[in-house]
1. Would you please report the Å³ per residue occupied by the convex hull of the alpha carbon atoms in region 3-80?
2. What nm distance separates the two modelled labels at residue 32 and residue 57, each placed 7 Å from Cα along Cα→Cβ?
3. For the residue pair residue 48 and residue 83, what label-to-label distance in nm results when each label sits 7 Å from Cα along the Cα-to-beta-carbon direction?
4. How many nm separate the modelled label positions at residue 74 and residue 3, each set 7 Å beyond the Cα in the direction of the Cβ?
5. Take region 1-41, drop everything but the C-alpha atoms, weight them equally and run the Debye formula without solvent; then report log10 I(q)/I(0) at 0.14, 0.35 Å⁻¹ to two decimals.
């Protein structure tokens, strides 16, 4: 896992790019144990900026018991993020299709509700006459 890329990714996910040290350490521990996918991803991203140094390049600043990503840090992270090429397939839309306005969505349940009292009435009558 590329430690410096991980710090940038964590900080950018927080409001105003600021995370306290305990929060940053917790998130680092979670990502460090999340499996080989995260490690491979941060390694690939880090390879795009091999001389990455968070503090000497002023990508992250120390503030009030925590760290905050700078605008420069956001720009470097943006450069490291992979971009889809024209040849890559766009992810398909996984939203549920919308119903046509011509298809009444509640017609079947209404029909079932109309039949239900009839069935209940018959049962009651048969029970009364049986007993």
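1. 78 Å³
2. 2.2 nm
3. So the two model labels end up 0.9 nm from each other.
4. Going from the residue 74 label point to the residue 3 one covers 2.7 nm.
5. -0.28, -1.25
Bear in mind these aren't lab numbers, they're just calculated from the coordinates by the rules spelled out. All values reported here derive from a predicted model rather than from experimental measurement. Cβ coordinates were reconstructed from backbone atoms using ideal geometry, including for glycine residues, and neighbour counts include every protein chain displayed.
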